[in-house]
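One structure below.
Each reported figure results from applying straightforward, stated rules to the coordinates on display, with no laboratory input. Keep in mind that this is a model prediction, so the values were computed, not measured. Here the Cβ positions follow ideal geometry from the backbone for every residue, glycine too, while neighbour counts run over all protein chains shown.
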Amino acid sequence: MPVEIEEEDYSPSDLESPSPVKGETVALKVPIALSGSRLDQVLAEMLPQFSRSRLAALAKAGFVTVDGTPVQPKTKLFGGEEIRATLVPRDEEMAFLPENIVLNVLFEDEAVIVIDKPAGLVVHPGAGNWTGTLLNGLLFRNPSVANLPRAGVVHRLDKETSGVMVAAKTEVAQLSLVRQLQARTVKRIYVALVRGLVPREGVVEKAIGRHPHHRTKMAVVDEDQGGKSAGTHYRVLQRFAHHTLIECRLESGRTHQIRVHMQSIGFPIEGDLVYGPGAAGTPPEMREVFKKFGRQALHARQLTFDHPVDGDSVTFEADIPEDMRELIDFVASS
């Protein structure tokens with residue numbers, strides 16, 4: 001199952017978007033010089049802008065004909081045949097389409113849009129989620145962002161993490177926000193309910209990278225092994241019998257950063273099925289409530305950045321959603 005790459009900041013190089021593949025049909029004449037070659041070899045030679053595996057997949061799906069007959073990638077050609085290949089877009093190439101998705105907009109002007117993302121909404125199309133994303137909703141609300149890389153998205157939240165995030169509406173604004181994220185001047189504050197009693201405030205400074213054995217997960221990984229530096233400051237807001245409500249402030253924006261960091265020091269986020277599975281230490285009467293909650297108890301509460309137009313510092317907040325408030329109330333009363 002592919003990892004959901006979320007809670008990730010982009011860099012300026014990420015603003016370079018490849019040209020989308022069109023769904024047209026191309027006609028090719030097989031040169032005599034390629035006589036004896038397989039169809040997929042001929043296609044790769046004549047359509048070098050596409051990978052051989054991509055072209056072979058089109059042939060297997062019946063989108064390539066030789067002299068009017070669909071053939072398989074391994075078919076040998078003799079030269080002089082006519083190939084017709086329909087370059088059907090892949091799922092990911094059809095993903096960037098507008099969809100009428102309701103967005104909870106906290107602020108919007110000519111340069112940026114600030115959104116309170118609900119849990120369950122994927123930010124960016126990806127494996128298993130090519131439609132129905134926040135990006136599709138942005139394209140519907142402001143069609144002009146189709147001209148921007150990732151439709152103006154500059155950072156992301158996990159699918160099951162709620163809270164405030166910003167997207168750009170112009171090229172200038174997008175570059176400004178990406179540079180601020182890269183310089184770590186954007187301030188992000190999260191609220192999380194973690195399992196266990198956190199004794200005091202602290203900071204986790206551990207590099208994060210792809211898990212060495214479970215490629216769908218992230219983990220604490222040394223920088224010389226490919227990990228990227230990451231810092232998470234945390235402080236206690238309230239302690240309960242078996243849990244702690246904490247506030248987290250990010251120095252960086254690595255994939256699954258808070259979830260990985262808090263798990264690494266023994267305080268996994270409640271409801272996190274990837275980094276905090278099981279119910280060790282949780283009273284039986286609580287387990288059904290956490291199961292019903294159905295997501296990690298993590299919310300991006302506050303976001304501060306310099307407005308790309310005038311440079312003024314602006315702060316936006318998103319209230320803790322009702323389902324997480326009810327979970328906190330339950331823990332407080334248990």
Practice task
Have a look at the chain and give its Rg and Dmax from the Cα atoms, expressed in angstrom.
Solution key: 24.2, 80
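Which of the trypsin sites (Lys or Arg not before Pro) found in the stretch 35-113 are loop residues per DSSP with 15 or fewer other Cβ atoms within 10 Å of their Cβ?
Counting only loop positions with at most 15 other Cβ atoms within 10 Å, the trypsin sites (Lys or Arg not before Pro) in the stretch 35-113 are Lys74, Arg90.
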Exercise for the section: Just rank Val198, Val64, Val221, fewest to most, by other beta-carbon atoms within 10 angstrom. Expected result: Val221, Val198, Val64
Fill in the blank from the handout: Taking every alpha carbon pair in the stretch 119-160 and sorting the distances into 10 angstrom bins from 0 up to the bin holding the longest one, the percent per bin comes out as 31, 58, 11
Completion exercise
Final fewest-first order of Ser252, Ser334, Ser313 on the 10 Å Cβ neighbour count is Ser313, Ser334, Ser252
Problem - For peptides 294-301, 30-37, sequence by mean Cβ density within 10 Å, most packed first - result: 294-301, 30-37
Problem - Helix-only [θ]222 nm of the chain, DSSP H runs n ≥ 4, -39500 (n - 2.57) each, per residue, nearest 500 - result: -6000 deg cm²/dmol
Problem - Computed P(r) (all Cα pairs; the stretch 184-334; 10 Å bins; percent) - result: 11, 38, 34, 15, 2, 0
Handout entry: In Å, descending, principal axis extents of the Cα set of the stretch 110-187
Key = 30, 27, 21
Handout entry: Footprinting exposure proxy for His307, His214, His261 (fewest neighbouring C-beta atoms within 10 Å first)
Key = His214, His307, His261
Practice task
Hand me the tally of lysine pairs in the chain: alpha carbons under 16 angstrom apart, and the pair either on different chains or 8 or more positions apart.
Solution key: 8
